[in-house]
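What follows is a short report on a single structure.
The values are calculated or read from the model by the stated rules, or taken from the named source; none is laboratory data. The shown structure was predicted, so the numbers you read here are calculated from the model rather than taken from an experiment. When we count neighbours, we look across all protein chains shown, and the Cβ atoms used for this are built from the backbone with ideal geometry, even at glycine.
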Amino acid sequence: MNKKYDVIVVGAGNAGLSAALGVALGGLSVLVLEKNSVPGGSATSFVRGRFEFEASLHELASVGTEDAPGSVRRLFSKYGLDIDWQYEKNAFRVIADGPDGYDATMPTGVSDFADEMERLCPGSRDSVLSAFDMAEKISKGFDYLGKGKPDPAVLFSEHRDFLCAVSHSADECLDALGMPKKAQNIMKTYWPYLGTGTDEIDFAHYMSMVDSYIRRRPALPRLRSHELSLAFEKAIRDLGGEIIYNCPVTKILVENGKAYGVTAGGEDILCDYVVANCWPDTAYGALIEKEQAPEKALRLQNARTPASLFFTVYLGLNRTSEELGIKDYSVFLYNGADSLKQYRDCNSLDTCFMIANCLNCAIPDSSPEGTSTIFITTMFSDEAWGEVSPKDYKKRKNAMADRLISLYEEKLGISIKPYIEEIVIAAPPTFARYLSTPGGTPYGYEMKRWDRMLTRIMSADSERFTERLYFVGAAGERGDGYSSTYANGASCASKILREVSKNGKN
Ligand SMILES: Cc1cc2nc3c(=O)[nH]c(=O)nc-3n(C[C@H](O)[C@H](O)[C@H](O)COP(=O)(O)OP(=O)(O)OC[C@H]3O[C@@H](n4cnc5c(N)ncnc54)[C@H](O)[C@@H]3O)c2cc1C
């Protein structure tokens, strides 16, 4: 391949696609190389028998409506992507066992949410409303960050509450707001979506996610997340961008500390900028020549911890959700009410929580007539999953799936086993094979106290150890999730376009 590109994107996950479309819209030539046969990474679907399963998306944050668009909708409209959005009426149902337990179904809409919380936990309303007020200030802070390199003086003078929220944990801020413990626990239901304990994740990050689900409602593309990835693919190609599937990048070419191309299919392909939707661990550990891997980059990746590993069971059932008695799209099932205990329980394979989703409750015709689908997800720490030896893998994987299904039946009082027509189990190695992430985590590095979103955004430039090489994705500045990875890709595209307009094309 003799052609040289302005930008080559390694990997067509959410962030890679978003970066590719962003630079293509800015007039740059772009080539996306993806090792799998379809776009999207986690954002995909797969077919077994007569069912098409959503692979990952429980719910998308920050979509909003046409009248009150969230950041994802605004970005998609800038990108010219037209998605058939569906919305969930309720935010979630959560069932926590134990003496402090509860079974709560929380509605969307800030005032309805606060009313229901007041009913469940008398005396909680003011603190709940204060948390949502804070969320509005947090949102302004994030909007400011999205405008480019933030100026600390402006942050201090105009976004004080935001700074407070980014420098304190969710636990600290909910305590400071005087929220009763039970209400705090219900507010913290979403913690698995960020995969970090609520004593570590900053309030700004956590609360902006909660706010976006409650205020703007959880959104789903009608045709599963594959619809999103295909819309990106089409838009990139319409602008002359190229995408090649089944094409793993085996090298990122770097000389004198500057990236200048990649090797794929045995050929070197040259470019001005490389955008890596693979992890820094993969890039510096396997794709870049050792002598071109700066020590600082290796030290930083060693200091960071890959986030939780996923285990998901996908079920195709030969009964409708009504016949089975399933009423909720999204149910969180916890052992105990304390979110930190729930998080720590992930260190063992025995006491896990579960999130169960029945897509038919949100999109009734998402499976053939007379059927329904459920997917049940849990998480483990790397150490917990490390207990499983290759010899025991199959047995442990099947036993885990069986346990999750039995727990679902027991906790919800719904029988599903007799109606299973298709079952697919994705264990951490399944995700690792498909995504090429450490241990298979789809969540990037855990957002620790020293390594939160604001710190990452502020130090992004000083963490670029190789010239002309950008990293995007869940392991990047904004962490995991669809909305974060789309935003991360878009911000990378803006940076490249700014660099090109300053320095000109090579
Ligand atoms: C079961 C599950 C449920 C989830 N639920 C939600 C949810 O409800 N809401 C939400 O917002 N988020 C959810 N997430 C998280 C979300 O899906 C991810 O955080 C996000 O999609 C990650 O995007 P990414 O850009 O980092 O790319 P990834 O999805 O990690 O994709 C990276 C791509 O790069 C490719 N690649 C890697 N190396 C190479 C190479 N050398 N050459 C070529 N290609 C390469 C991979 O094949 C892959 O396609 C969930 C994830 C899972 C797995």
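What the table below lists for this structure:
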{"quantity": "In region 220-236, the residues that are crowded, with 22+ Cβ neighbours inside 10 Å and more than 21 Å from Gly22 (Cβ to Cβ)", "calculated": "Leu220, Arg224"}
{"quantity": "Selection status of Pro69, within 16 Å of the ligand (Cβ to nearest atom) and of a type outside the set (Val, Ile, Thr)", "calculated": "no"}
{"quantity": "Residues (touching a strand residue (DSSP E or B) at 6+ places or on another chain (Cβ under 9 Å) and either surrounded by fewer than 19 Cβ atoms within 10 Å (Cβ to Cβ) or closer than 24 Å to Gly504 by Cα (or both)) located in region 3-20", "calculated": "Lys3, Lys4, Tyr5, Asp6, Val7, Ile8, Val9, Val10, Gly16, Leu17, Ala19, Ala20"}
{"quantity": "Of residues in region 451-473 being part of a helix (DSSP H, G or I) and within 16 Å of the ligand (Cβ to nearest atom), the one surrounded by the fewest Cβ atoms within 10 Å (Cβ to Cβ)", "calculated": "Arg456"}
{"quantity": "Unmet criterion (only one of (1) hydrophobic (A, V, I, L, M, F, W, C); (2) modelled with pLDDT of 95 or more; (3) surrounded by 21 or more Cβ atoms within 10 Å (Cβ to Cβ); (4) within 16 Å of the ligand (Cβ to nearest atom)) for Cys346", "calculated": "(2)"}
{"quantity": "Selection count where residues are closer than 20 Å to Gly261 by Cβ and within 13 Å of the ligand (Cβ to nearest atom), scope region 30-40", "calculated": "5"}
{"quantity": "Scan of region 288-338 for residues that are of a type in the set (Ser, Thr, Tyr) and at pLDDT below 95, ordered by number", "calculated": "Thr305, Ser308"}
{"quantity": "Filter result for Ala43 (assigned to a loop (DSSP other than H, G, I, E, B), aliphatic (A, V, I, L, M) and near the ligand (Cβ under 8 Å from one of its atoms))", "calculated": "yes"}
{"quantity": "Options Phe53, Phe92: the member that is assigned by TED's automatic domain parsing to the domain that holds Arg456, in contact (Cβ under 8 Å) with a residue 60 or more places away in the chain and within 16 Å of the ligand (Cβ to nearest atom)", "calculated": "Phe53"}
{"quantity": "Residue list for region 238-255, restricted to those being in a strand (DSSP E or B) and either among the aliphatic types (A, V, I, L, M) or within 22 Å of Gly26 (Cβ to Cβ) (or both)", "calculated": "Glu242, Ile243, Ile244, Val249, Ile252, Leu253, Val254"}
{"quantity": "Residue satisfying condition, being within 15 Å of the ligand (Cβ to nearest atom), of a type in the set (Val, Ile, Thr) and surrounded by 21 or more Cβ atoms within 10 Å (Cβ to Cβ), within set Ile244, Ile288, Ile186", "calculated": "Ile288"}
{"quantity": "Selected residue (criterion: surrounded by the most Cβ atoms within 10 Å (Cβ to Cβ)) from residues of region 21-40 that are assigned to a loop (DSSP other than H, G, I, E, B) and aliphatic (A, V, I, L, M)", "calculated": "Leu28"}
{"quantity": "Residues that are more than 10 Å from the ligand (Cβ to nearest atom), farther than 18 Å from Asn503 by Cβ and not small (Gly, Ala, Ser), drawn from region 9-29", "calculated": "Leu21, Leu25"}
{"quantity": "Cβ pairs under 7 Å, 6+ apart, first in region 474-503 and in a loop (DSSP other than H, G, I, E, B), second of a type in the set (Phe, Trp, Tyr)", "calculated": "Ala474/Tyr443; Ala475/Trp279; Ala475/Tyr445; Asp480/Tyr443; Gly481/Tyr193"}
{"quantity": "Selected residue (criterion: surrounded by the most Cβ atoms within 10 Å (Cβ to Cβ)) from residues of region 492-502 that are away from the ligand (no atom under 13 Å from the Cβ) and closer than 13 Å to Phe471 by Cβ", "calculated": "Ile496"}
{"quantity": "Top-ranked residue in region 56-66 [being more than 10 Å from the ligand (Cβ to nearest atom) and surrounded by 19 or more Cβ atoms within 10 Å (Cβ to Cβ); ranked as nearest to Tyr273 (Cα to Cα)]", "calculated": "Val63"}
{"quantity": "Scope region 339-374; condition more than 20 Å from the chain's Cα centre (by Cα) and β-branched (Val, Ile, Thr); matching residues", "calculated": "Thr351, Ile363, Thr371, Thr373"}
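Residue by residue, here is whether (1) aliphatic (A, V, I, L, M); (2) within 12 Å of the ligand (Cβ to nearest atom); (3) over 28 Å from Met207 (Cα atoms) holds:
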residue: Thr377; (1), (2), (3): no, yes, no
residue: Lys397; (1), (2), (3): no, no, yes
residue: Ser406; (1), (2), (3): no, no, yes
residue: Lys417; (1), (2), (3): no, no, yes
residue: Arg449; (1), (2), (3): no, no, no
